[in-house]
Every structure is written in C-alpha cells, then in structure tokens.
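Participant: My structure is below; once you've seen it, I'll send some questions.
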Amino acid sequence: LTLLKLTAPGIPDFYQATALWSLNLVDPDNRQAVDYDLRRRLLYDLRSASTEEIMRRSDEGLPKLWLIWQGLALRNSHPEWFGAESLYAPVESSGEHASNVIAFARCESMVSVTPRLMFGKDWGDTALKLPSGYWHNCLTGERLRGGTVRVNQLLQRFPVALLTKEDVHQ
C-alpha cells in the first residue's frame, strides 16, 4: 500500500508517525507521542544500510521508512512524472499469479510493482513486460533490461520494486 500511495496519481498522504510500522487501531490508540529521536536515528542509519540490512531490521520498520524516503525523493526529483497530466499506464503481467501483481508506469520513466495477496510467496512463472531500455531499481540498486522480467527476480531482495528508466545518454 505504501508504494501505491507514493506512485499512483494524487498526493501521498501519511498520518503523523506512520513512517514506521504502526499497529495502532483508531482513536485514541493513534494519539501517543511521536519518538522523533528514533526516526532521526533510523533515517541516519538508512544512509549507509544495504538492502539486506534494511530487511534484517524489518522489525524496526526500516523497509517502510526506506520506501517512503526513496519514493518521496523520486517525486521531488521528477515532479513531472507525478503531476495531474502525467501518463499513467498498466504494465502487462502474465503467468499463474498475474492477477496478484499491481504494476504500472508513470510517463514511461518509472514503474511501480506491488504484490497483492502474495507477500513472501513464490511467484512461479509470473512475469511483467517492462518497456524497452534499461531500468534501475531505486530500492535495491539492481539494473534490469526491459522486456519480460520474472516477478521473483524483481521482488527477490525487497518486497516491492520502484524502477526508473536509465537515461540513454549516460
């Protein structure tokens, strides 16, 4: 859900203090004091953390914080991809669990991939058809070639994927 908030049309909205896991129900549970020192420390830790370390520290909420940090940075550096007039198009999926992956492109420059009802499971032959070119996964640092890509490969190191198209002039 967090990746969808960050990359779907509209403005991402996060309640105060929900950049980490929040298992609170509703009022008054969600009115406790926010531990800003903890959040500052975790943001500092993210600067040098590998994807594997982020996942190992999942109980602290680092994967969610990492995703929000990377997603907001991408929105800040490329606002044209997320504006009201920006292109929003589905990415074709195939295979036995094709209906369990949500994938879409923004302005043919960014692809968002989120599982639906499949967290931590084997995707089998499920694949996505990425637009041509080379893609960078902002969450893992991996480089991918466009075309048919197995979802298992995309989600092997992190539970969602945030891909940006590499500049052909690099």
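The values are calculated or read from the model by the stated rules, or taken from the named source; none is laboratory data. Note that the structure is a prediction, hence the values are computed from the model and not measured. Here the Cβ positions follow ideal geometry from the backbone for every residue, glycine too, while neighbour counts run over all protein chains shown. For the accessible areas, the whole protein counts, side chains as well, though only heavy atoms, and no ligand, DNA or RNA atoms are used. Shrake-Rupley method; radii C 1.70, N 1.55, O 1.52, S 1.80 Å.
Participant: Among the residues of segment 27-54, write down those that are of a type in the set (D, E, K, R), open to solvent by 40 Å² or more (accessible area, probe 1.4 Å), modelled with pLDDT of 90 or more and in a helix (DSSP H, G or I).
Facilitator: Of everything in segment 27-54, those that are of a type in the set (D, E, K, R), open to solvent by 40 Å² or more (accessible area, probe 1.4 Å), modelled with pLDDT of 90 or more and in a helix (DSSP H, G or I) turn out to be 37, 40, 41, 52, 53.
Participant: Would you please list the contacts, defined by Cβ atoms under 9 Å and residues six or more apart or on different chains, that run from a residue in segment 78-92 that is under 17 Å from residue 102 (Cβ atoms) to a residue that is open to solvent by 30 Å² or more (accessible area, probe 1.4 Å) and part of a strand (DSSP E or B)?
Facilitator: Listed pairs, sorted by first residue: 90/102; 91/129; 91/131; 92/129.
Participant: Can you pull out every residue in segment 96-123 that is more than 15 Å from residue 162 (Cβ to Cβ) and open to solvent by less than 40 Å² (accessible area, probe 1.4 Å)?
Facilitator: Those that are more than 15 Å from residue 162 (Cβ to Cβ) and open to solvent by less than 40 Å² (accessible area, probe 1.4 Å): 98, 100, 118, 123.
Participant: While we're on this one: If you go through segment 122-170, how many residues are under 12 Å from the mean Cα position of the chain (by Cα), closer than 20 Å to residue 76 by Cβ and not in a loop (DSSP other than H, G, I, E, B)?
Facilitator: Residues flagged as under 12 Å from the mean Cα position of the chain (by Cα), closer than 20 Å to residue 76 by Cβ and not in a loop (DSSP other than H, G, I, E, B) within segment 122-170 amount to 5.
Participant: Tell me which residues, restricted to segment 131-142, are open to solvent by less than 40 Å² (accessible area, probe 1.4 Å) and within 23 Å of residue 55 (Cβ to Cβ).
Facilitator: Passing the criteria: 135, 137, 138, 139, 140.
To keep it simple, each residue is scored yes or no on (1) farther than 21 Å from residue 2 by Cβ; (2) surrounded by 17 or more Cβ atoms within 10 Å (Cβ to Cβ); (3) out of contact with any strand residue (DSSP E or B) (no Cβ under 6 Å at 6 or more places or on another chain); (4) of a type in the set (Val, Ile, Thr).
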| position | (1), (2), (3), (4) |
| --- | --- |
| 56 | no, no, yes, no |
| 72 | no, no, yes, no |
| 77 | no, no, yes, no |
| 84 | yes, no, yes, no |
| 125 | yes, no, yes, no |
| 144 | yes, yes, no, no |
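Participant: Only one of these is in a loop (DSSP other than H, G, I, E, B) and either more than 17 Å from residue 157 (Cα to Cα) or touching a Lys or Arg at 6+ places or on another chain (Cβ under 9 Å) (or both): 108, 80. Name it. Give the derivation first.
Facilitator: Numbers: 80 fails: in a loop (DSSP other than H, G, I, E, B).
One residue alone meets the criteria, 108.
Participant: Just give me the residues in segment 67-121 being among the hydroxyl-bearing types (Ser, Thr, Tyr) and more than 15 Å from the chain's Cα centre (by Cα), in sequence order.
Facilitator: Hits for segment 67-121 are 77, 86, 88, 93, 94, 99.
Participant: Considering each of 68, 102 in turn, give the residue that is more than 18 Å from residue 151 (Cβ to Cβ) and in contact with a helix residue (DSSP H, G or I) (Cβ under 8 Å, 6 or more places away or on another chain).
Facilitator: Details: 102 fails: more than 18 Å from residue 151 (Cβ to Cβ).
One residue alone meets the criteria, 68.
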